[in-house]
Every structure is written in C-alpha cells, then in structure tokens.
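What follows is a set of notes on a single structure, which appears directly below.
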Amino acid sequence: MTYKRVAAASVAALMVASPVMADLVFPSLSYRTGPFAAGGIPYADGFADYMTLLNERDGGVGGVKLQVPECETAYNTEKGVECYEATKGQGALAYNPLSTGITYQLIPKATADDIPLYTPGYGRTSAANGNVFSHVFNFPANYWNGASAAVNHILDLNGGDLKGKKVILLHFNGAYGKEPIPTLTALGEKHGFDFSTVPVDYPGQEQKSQWLQIRREKPDYVLFWGWGVMNQVAVQEAANIRFPMENFIGVWWSGAEHDVKPAGDAATGYKAVAFHGVGNDYPVFGDINKYVVEAGKAAGDGSNVGTVIYNRGVYAAMMLAEAAKKAQEIHGVADITSGQMRDGLEQLEITNARMAELGMEGFGPEFKVSCANHGGPGTAAIQQWDAASGKWSLISDFGPSDMDVIQPLITADSEAYAAENNIEPQCK
Amino acid sequence: MSEQLLFAAEVTLNGLMAGVLYALVALGFVLIFKASGIFNYAQGVMALFAAMTLVGIQQGQIPFSHLINAIFGTEIHHFPWHVPSIIAIIAAAGVMVGFAWIVERYILKHLVGQPDIILFMATIGLAYFMEGFGDMMWGSELKTLDVGLPQGLNETVLNVTDKLFGYGFFIDNLDIVAAVVASLLVAALTIFSQYSKQGRALRAVADDHSAALSVGISLRFIWVLVWSIAGFVALVAGIMWGAKSGVQFSLSLIALKALPVLMLGGFTSIPGAIIGGLIIGVGEQLFEFAIGPLIGGATQNWFAYVLALIFLVFRPQGLFGEKIIERV
Amino acid sequence: MFYREAGDFKTSYKDDNQTFPIRLDRAGYWVALAVAFLIVPFMVNDYWVNAIFAPFFIYAIAALGLNILTGYAGQVSLGTGGFMAVGAYACYKLMVAFPEVNIVFHVLISGGITAVVGVAFGLPSLRIKGFYLAVATLASQFFLVWLFNKVPWFYNYSASGQINAPERSVFGVVVTGPHTEAWAKYLICLIFLVALAWIARNLTRGMMGRKWMGIRDMDIAAEIIGVNPLMAKMTAFAASSFFVGVAGALFFSVYLGAAEAGESFGITKSFLILFMIIIGGLGSIFGSFAGAAFMVLMPVLLKNVLVGMMGWPTDLAAHLEFMIVGGLIVFFLIVEPHGLAQLWRLTKDKLRLWPFPH
C-alpha cells in the first residue's frame, strides 16, 4: 500500500510541479519541520509568495523571472550547510537562512563565494559594519536596535526617566538570546536602570523557576528574547503569575500570533518590538490574495497571509527583489550575478514613494544602505496584542534607536572579528 | 518566617508540582520497561503524537490533508465540525490503542526474545517513523490545545498563604489538576496491577517471559495492553504539557526530563517514578533558586542529571529498582 | 565463486590473524583506499565534500570512538555530543592561542584533552551499569554544554558565544576557513579517518581490546581472570574520548567553521552517534562506517530523490524522510537484528559458498 501511495504521489507530484525556468534565484533555506517549524512555515510562505506575486503580476524583476528553490534545514546547521552547497550551484543570488547558527556558518563561506547574505532582524548584529562584513546585510534593524527600541519605549512610558527601575531580560540561553546583553547593559548604565538577565535553556518547555524568580524580584519590565516553544510558554507563565502584560516586551521573534494564541485572553496587552508593519491592510496583500492565493499558487494554504512572520517573509523578499532591480540598473544587465546582487544590496535605497508604489506604504522605514553601513536606519516600533480581536497593532511609530550606544559596540565586535580573520576594510 | 524561607517554601511547592509532571512522563517508560524490558525511546514522540491526534480530532482536521492536496491538487483542510473535548480524548485514546496493536503486530512480534539493545533500537526506529508520520498526518505547525483545563494562579492558595505568612504563594491551577490526575492514574495503575487478573499476568510477564508463557499467559495480549496504557499515559502527559505551550515538536523532548527521574526511581518501579519525579522536581527548582544566581542560572537541564548521577554512585539500581544480582 | 578462502594458504600466525583473511577482501581494501586517496580527490566539488564526505568521515570517527566504548567495552554512553564539544572548544582555543603550530597537532591535542575529560566523567561507570550508566553520561552531556555556554573564556568573550575557525594550513595547503579547497578538506578528514580506523582496529584486536571485551561480556568473570576493571574501563573511556574529541575538533574547524555549544553539540548529537553504532553494529569497525553512512547519507539521498527528482514539497519530503529512515531501521532489525555489520558478514558467508551451497 505504501508503495502504491508513494508511486501515485510521485507521479502526481511530477505532473503538478511544472519547473519554472527562471534566472534570478533566491534559495529559501526554510524549516517547515523541527522545533521551530511554527515560525519557519509562515516565513517561508511569505518569502515564496511575494516572489510568486512578482512573477505572476509583473513578470519577474526587470523582465527576468524569479525562482525560489526551497531547501529544508529543520533549523539544523549541518543541513543548512548541505542546503547552501546544494543550491549554490543553481546560481543563487543571495541567502536568507532565518537562523542565527546557519548565518554564522555562512558568513565566511558566502563571503568567499561572493554571494551576499541578507539577514533582516537576525544573524550577527555587528555585520551592520559593512566595512568588515562586505557580504552581509542586516538592514533595516538588528537585535541591538531592537533592544534599544524596547528601552526607548519604556523611557516614553516613564517620561524619560528610568532611574531605579528594574528591568529583567528573559532570554534564550544561546547565541541568539545573548546578543542584546551588551547593549542592554550599556543602556542600563546610561539611563540608570537596574538590569539583570534570566536565561532559559533550549527548548524552554519548562520555565517555572524563571518565572518564580521574576515574581519574587518584581521587576518593572521584562524584556524577552525567545524563539520556538519558549515563546508560548513564557507568555503563558507571565499570564499565570499575573505579570502586567503591558510591561512584558518581546523582540520581534517573540511576537507572532502563534506565540500568544495558546495563552488565550490572558495574553492581551503583551508587546513586541517590530521593524515592519502588521496586519493585512496593505494593498500588497490584496495582490497576493488575488494573484497567488486564489490562483492556487501559494506556498502554504493561504491562511497565514497577513500574520506577523508571514509579513516578515514578504518584507525580506521585497528587499531582495528591490536590490536585484537596483543591481540590474547599476550594471545594465537583466541577468545579474551574485556579485552584482551584492552591489545592488549595498546601494539599495528604499523611499516612501517606492513603498507606496509597491503597495506597502508605511510598512517599513525609508532608508539608504551604504558601504560602511549595512545595518540600515535601525528604526523599530512597538506592537501590542489584543486577544479579543486576535490582532497585533502598532502602538508607536518607527522610531530611531540609540546609535550612540550601539555604534561603538558594533565597531568593537566587528573589529575583533576582522582582527581574528585578517580582514581588510573594504570601504575607501 | 523570614522572606527567604517563604520563597524557598514556594519554590519547593512548585517543584513538587513540576515533579508530578515529570513523574507522569516517567510512568510511561516504567510501564513498558517492566512488562517487556524495553527502554522505549519513542515515549516522548508518543506524547507528541497523542496530543497532535487529540487536537486534530477536536478541530476536525483532515488527516494527511497536506499530502492529499499535494497529490490531487485539492484544497481540503478541515471537516466542518468541532468535536467536544471529552469525545476527542476518548477517540485519541482509541487511536493510541490501535497504535499499540500495530506496534505489537508489526514490530514486537518479530523481535520476541531478542536482546534488550535490539528492542531499544527498534523503538528508535519507531520514534523516527512516528515523528514523520505524525507531521505527515496532522502538519507540523503549532496547534493550540484547549480541553478546558484551568490555568493560571490559584486564588485559594494565594489568599490562604497570604493570611498565614503575609506572602501569597503562587501555584498554577494546571499543576494542581496535573497532580490530581497523576495521582489518580498512579492509584488506578497500582490497583490494576495488584488486584486484577490482567495486572497479575502483567507482573508475571515482567518477572519471566517464558515462565509466563508456559502458564498460559498471552504475551502478545499483555504487550498490546501495556503499550496501550503507555499510550494513554503519553496522551495525558501530552495534554498537560501541550495545554501550556501548544502542541509542537518540542513536546517530544519532555522525554529527556523523565530520564533522570527514571535513574533515581529505578526503571522498574511505579512508586519509584513518582518519588523520583518529586525529588528531581524539588531538587532542581531549589538548586536554581539557591545556587543558580551565583553561577549564572539555567541549571535545570543538567542539575537533575548530576543529582541522579551522584545518587546512583551510592545506589546503582536506583531508589526502588530491583537489585541487580550477578552470577558468574 | 571468486570470493573464497580455498587456495589461500596461511603459513604463519601473523597471516592467519590478519584483518582481511580472504584475498578478495584484501584486494578490495587496497582498491578502496587507492580510489579514496588517488581518484576521488580529483573529482570532488564543494557539494560532495561539504554535504557528504566531510560529515560522513567525521561521524565515522566519532562512531569509531563510541563503538570502542559501547561496542567493545560495553559501557553505553550518551555524552558523545558533550565530548565533541570539548574537542571543538579545545581546538578553537589552541588555534587562536598558537596560530603558528600546525593544525594537525591542535586536533590531536584536542583529542588528548577530551580523553582526560572523558576519563573524569567515566569514573561513575565503576559503579553504574547498563541503561543507568547511559542516562548518567547524559549528565556530562548537559553539564559540558552548559559550561561552554556559560564561561566566556571558552569563546574568547565574543558577543554571541559563537566560535569561528580562523584560516590554518598544513604544508601550505589551507584546510580550515572559507578558502579551503574541496579536495584539501576531503583529504584531511580522510587521513584522520584512515589513521584512526587503523589504530582502532589494532587496539581492539590486541590485549587492550580483549580486556575490554572481557569486561563487556562478564565483568566479574573478567576480573577473576586478572583483568583490572578500573584500568580497562578507564582506558576504554580515554581511547573513546580521544576519537570523539578528534571528531569534534574536525567537525568544528574543518567541516562547519563555526559552532555553538548548545546547537552543534546538543543531546541530539549524542543520540545520533549512538544510533549510528547500534544500526551499524556494536563491536565492529565496519559497523561504525556503515552506521555513519546510513545516518548521514540516507537523509541526503532521500531528500535529493524526493525533492530534487520527484519535485515534492520540502516539508512533505522531510516527513517522509523520517518515516523511511525509521521504517528502514525497524525493517533491518527484523531481518537482521545485529546491525548492518552482521548483515554484511552474513552476505560474505553466503558468498563464500556461492554458487555451490553445499
């Protein structure tokens, strides 16, 4: 029976999946299985759907069709390497692996292979220094911007004075979760709040003692860097100890619908930092519904359109498509190479007018990438969850982050990397 | 009472509650190990699969819908109904019984009399298979599990302790429910294995397979029975943990929490699993409370193992495990 | 017909005890080595090395190490991931601290450091046995990973706790870092593997190996005939950890180039390597290779067939991959419970008689 089913399935699959012959290749190192599938699925869907939209509506970018070969990593670095090598040969223009571990792995490899990495809102924060990391781009915002944005929000709530306040960072005990600690420590010194950390080990299914500790210490604010099952449990436990949800602020990876839904009504008021818009009130989603979902070409079942992580996938795909367009303009060829793609990313300029043209007005900030600054403007907003309507909404504008504190940290960390690996500054 | 002592008391109480949950997972291991000498690596995946099945049935998901859609190009996802929790739980338990039967029929039957390591290996294969099969059947995205269990701070405990000590203790309602359910489950299992005919047969099988066979006990029936019960225990564990975090892959990792409990309590003892669970639960919470801040926190993952390790050095068969007698 | 021992006369004990007593086996062995060293390096590209050969070789080394401990000395261990982390972090610290020393020595010293750590964590094995020991070794797994995560000295105080392998070369050929040629990466892993497999084979058939097997089969009996269980167990832990440490060092420096304790050396790694030796065959050098090949190559092969050739959606393919790997494990067990190595032995026994089975 298994044989029959496999045979039938394979024949049918062969007939359904007509290979798209295209030239601009953006591999999607996705994870639709494994411990982080909940976040990986909508992201991969959003990324693929936007590219499909461009193919269906505009005939690709500059007349060249886009292709998004998917490769399953299950958030595993070894599979990530396998996927990178497997898709590299297909003429990949840029990688967006959505995993800090895989990003660290690929930074030296991709640089040597002259393929850019685009890691919006994740990966190695200090890669914002384009002088050292020539092939890594993490605009429009990185973790340290996120940390600063959260602190700025708290500052706003307290009239600019945080003296004597107590802030706890609840974080994933690994590379990703430890990223914001230096920034928050520096910000704590600057604004005079008392900062401490509470780590949670992978997977984070059990956080009782952490939350008992938080309950005992009665912090004024809890910042949160989590991913995967850790998010759902943390939101639930915060509700359990009746921590005021509006004082509980997650980073953008801890602020999706599926993170708060298991906790039900109790999650109302939970906040998260965002670097792009929420909801599906942007014209681009109408187009996605019309050209992609209703045409039966969606990567998923279409139910994710407009969710936070899906939107992030769309946003990342849009940036790459715009950068490809820019690269075509710079080099005057439609069929660009990965090296030219890198130039496109480095000279990318996103204006509000262009965003409006794309049907994404106000979805993200306007900015310009430069050789030295691969990190973009570092602006971020705060979004808040309302369980009754089942929606996130932005409660602030995209505000700047404290670059006075962040920039020296970026410089220090990237220069340590440059010294360890003998990297010459690339910008003149 | 001083504040620190109160905190410690609160932590201990919560540790006990967490310990009950660990014990629940450990119970599944013990049952199968007792009856068939198999260390069932798939127990965690069984909990995940059971919880997925429960949610799938409850929400009227169509099994294999993704596969069907991919093959036939259809767009089906859900049946137009919503099954009440209690019926869904019964149905999921039924699926676990069917699963036990399939395991016996297609795997264990062929491996009777093989060494333990082989049977262990078979459960590895089973775990891989079920992980893929569960995802294929119900999809790998996160599912919210809601069977109407109460969650959140318990008011009574808060008020009573507040009156008594001037500091309100935090106890999660879900933990209280879990503790009650686990106690009932253990009581029922103990009564079953001590006083019912099948229970006696089960213990006979645990003592000696061939002797049990020779007095007319059906090994196959006992195995199906014990795997069914383990499946049911997995379902209960899946519900308790899934209610908190949603049903997702990480649920299968709760098996890791059960291993130190098993070491401490002994692989063959049901009361051992309970007491081991409580000790580990309290121990790791207290350690994190007292020592954790000094050495940087997040100690739970290893503390349970180190505790069990130190303990085993002095009593290698665990708290209640059968003493290993070796003859040359 | 061709595969037989008739006519292959042994005239000395040495001949009689050799690893490959049958002429065709010997020939096959030399041909395989010649192909691996002289032909393959000229044909490999990045994909083959990074996706197939490097992980296969490195996991084979780790599996050899664990097989010494579990298969030969009978001590089940689930601390392999933690010990690989020791090798990796030791290698990182050495590479950064002594850039002028040849990387080969760094890798070997890392193995030595791991051996010391392994012995320390192996001490409880004197009291604890069987599955209890397996679970006890998990303590070392979790503790070591926690330690490498917690103490910033191990990752030179970098912001995120990731370690990155700087570029190092052997005789002028770059073997670590992003500019490594495919063939160089392939060869360095292969050389380590062949050398270590040779050592493992000779360790296990010598005095040491016999002591280990004595302890495995019946420790009390072994003690009575004069095997010191303390020494036997500790040497097994040391040898095993050395192999695992070398594997960890190569895994980090040559294969991945960047690593993080919790992610790269987590508990799943320990289980994966244990699965390899169980599926390959306990107490068999060939089994370590077969098991590593099965667990590394099978998923890649299945993925390429399902996604690459049949065009399945990647998630369905990943699910089916798990089902097939799991199903195959169970199937092999039912057909032949003692692993791939036993299957191979039986095939050879059948071949010896073929085509005249009587």
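Could you tell me which of B:SER218, B:GLY276, B:ILE191 has its Cα farthest along the dipole of chain B towards the positive end, charges placed at Cβ (Lys, Arg +1; Asp, Glu -1), taken about the Cα centre? Positive-most Cα among the choices belongs to B:SER218. Using Cα centres only, tell me the gap between the stretch C:291-358 and the stretch B:107-170 in whole Å. Taking the Cα centre of each part, the stretch C:291-358 and the stretch B:107-170 sit 31 Å apart.
Within the protein assembly as shown, the cysteines lacking any other cysteine Cβ closer than 4.7 Å to their own Cβ are C:CYS91, C:CYS189.
In this Cβ point-charge picture (+1 for Lys and Arg, -1 for Asp and Glu), the protein assembly as shown has a dipole of about 3820 debye about its Cα centre.
Placing R0 at 56 angstrom, the Cβ-Cβ distance between B:SER210 and C:LEU126 gives a FRET efficiency of 0.95 after rounding to 0.05. Using the Cβ-Cβ distance between A:LYS218 and A:LYS297 with R0 set to 51 Å, the FRET efficiency from 1/(1 + (r/R0)^6) comes to roughly 0.45. Measuring between their Cα centroids, the stretch C:83-115 and the stretch A:59-103 lie 32 Å from each other. In this simple spin-label approximation, A:THR351 and C:MET218 carry label points 7 Å from Cα along the Cα→Cβ vector, and these lie 8.8 nm apart.
Each of A:PRO42, A:ASN142, A:ALA321 was placed along the dipole of chain A (beta-carbon charges, centred on the mean Cα), and the one lying farthest toward the positive end is A:PRO42.
Given +1 at the Cβ of Lys and Arg, -1 at the Cβ of Asp and Glu and no other charges, the dipole of chain C around its Cα centre is 720 debye to the nearest 20. Overall, chain A carries a charge dipole of about 760 debye about its Cα centre when +1 sits on the Cβ of Lys and Arg and -1 on the Cβ of Asp and Glu, all other atoms neutral. For chain C, the relative contact order comes to 29 percent (Cα pairs under 8 Å, sequence separation of at least 6). The listed peptides B:198-210, B:165-177, ordered by packing as a protection proxy, come out as B:165-177, B:198-210 (highest mean of other Cβ atoms within 10 Å first).
The modelled label-to-label distance between C:VAL170 and C:LYS14, using points 7 Å beyond Cα along the C-beta direction, is 2.9 nm. Between the residues C:PHE243, C:GLY206, C:SER288, the greatest Cα displacement towards the positive end of the dipole of the stretch C:202-358, with unit charges on the Cβ of Lys, Arg, Asp and Glu, is found for C:GLY206.
Any of A:LYS88/A:LYS368; A:LYS178/A:LYS261; B:LYS109/C:LYS303; A:LYS368/A:LYS428 with alpha carbons more than 20 Å apart? Name them for me. Over 20 Å apart, Cα to Cα: A:LYS88/A:LYS368; A:LYS178/A:LYS261; B:LYS109/C:LYS303. The alpha-carbon of C:LYS93 sits under 15 angstrom from the alpha-carbons of these aspartates and glutamates, leaving out residues fewer than 8 places away in its chain: A:GLU420, C:GLU167, C:GLU260. Shown is the FRET efficiency for C:PHE98 and C:PHE37, computed with R0 = 35 Å from the Cβ-Cβ distance and rounded to the nearest 0.05: 0.75. Among the GluC sites (Glu not before Pro) in the stretch B:1-76, those located in a DSSP loop and surrounded by at most 15 other Cβ atoms within 10 Å of their own Cβ are B:GLU75. Think of it as helices only: each DSSP H run of n ≥ 4 in chain C is worth -39500 (n - 2.57), and spread over all residues that comes to -20500 deg cm²/dmol at 222 nm.
Take the Cα of B:ARG200, step 7 Å toward its Cβ, do the same at C:ASN304, and the gap between the two points is 6.1 nm.
Every number here is computed from the coordinates shown, using simple stated rules; none is lab data. Please read these numbers as outputs of a predicted model, since none were measured by experiment. FYI the Cβ positions are ideal-geometry reconstructions off the backbone, even for glycines, and counts take in every protein chain you see.
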